[in-house]
Amino acid sequence: MKKQEKGLKNQFDPEDMIEKMIEIIPADHHKFRTVHPEKTEKQMKETEKERWDMEI
């Protein structure tokens, strides 16, 4: 348990995510996929592109 607790020290502040959800959820129009924060969105797009072009 103590080992797992150390992993929580570097997590994002949940308040930031809550504010983003309050903004997006009630909106009439928004993107199909929403990722927050922007740094995570960029990382996901790069990973998806790498996998899309990957050959096995």
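Here the chain is assigned +1 on the Cβ of each Lys and Arg and -1 on the Cβ of each Asp and Glu. Its dipole about the Cα centre then comes out at about 360 debye.
Atom-type composition of the exposed protein surface of the chain places 56 percent of the accessible area on carbon and sulfur (1.4 angstrom probe).
Under the combined filter of DSSP loop state and at most 14 neighbouring Cβ atoms within 10 Å, the chain retains these GluC sites (Glu not before Pro): Glu55.
Looking at the chain, the trypsin sites (Lys or Arg not before Pro) that sit in a DSSP loop and have at most 13 other Cβ atoms within 10 Å of their own Cβ are Lys31, Arg33. Here is the size of region 15-56 from its Cα atoms: Rg then Dmax, 13.6, 41 Å. Taking each of Lys3/Lys49; Lys3/Lys45; Lys2/Lys49; Lys9/Lys42; Lys3/Lys42 in turn, the alpha-carbon distance tops 26 angstrom for Lys3/Lys49; Lys3/Lys45; Lys2/Lys49; Lys3/Lys42.
Report the local net charge at Arg33: Lys and Arg +1, Asp and Glu -1, summed over other residues whose C-beta lies under 11 Å from its C-beta. Before the final figure, lay out the partial values.
On the way: positive: Lys31, Lys45; negative: Glu41, Glu48.
Around Arg33, the charge tally is 0.
The values are calculated or read from the model by the stated rules, or taken from the named source; none is laboratory data. Bear in mind that the values here come from a model prediction, so they are computed numbers and not experimental data. Cβ: placed from backbone, ideal geometry, glycine included. Neighbour counts: every protein chain shown. For the accessible areas, the whole protein counts, side chains as well, though only heavy atoms, and no ligand, DNA or RNA atoms are used. Shrake-Rupley method; radii C 1.70, N 1.55, O 1.52, S 1.80 Å.
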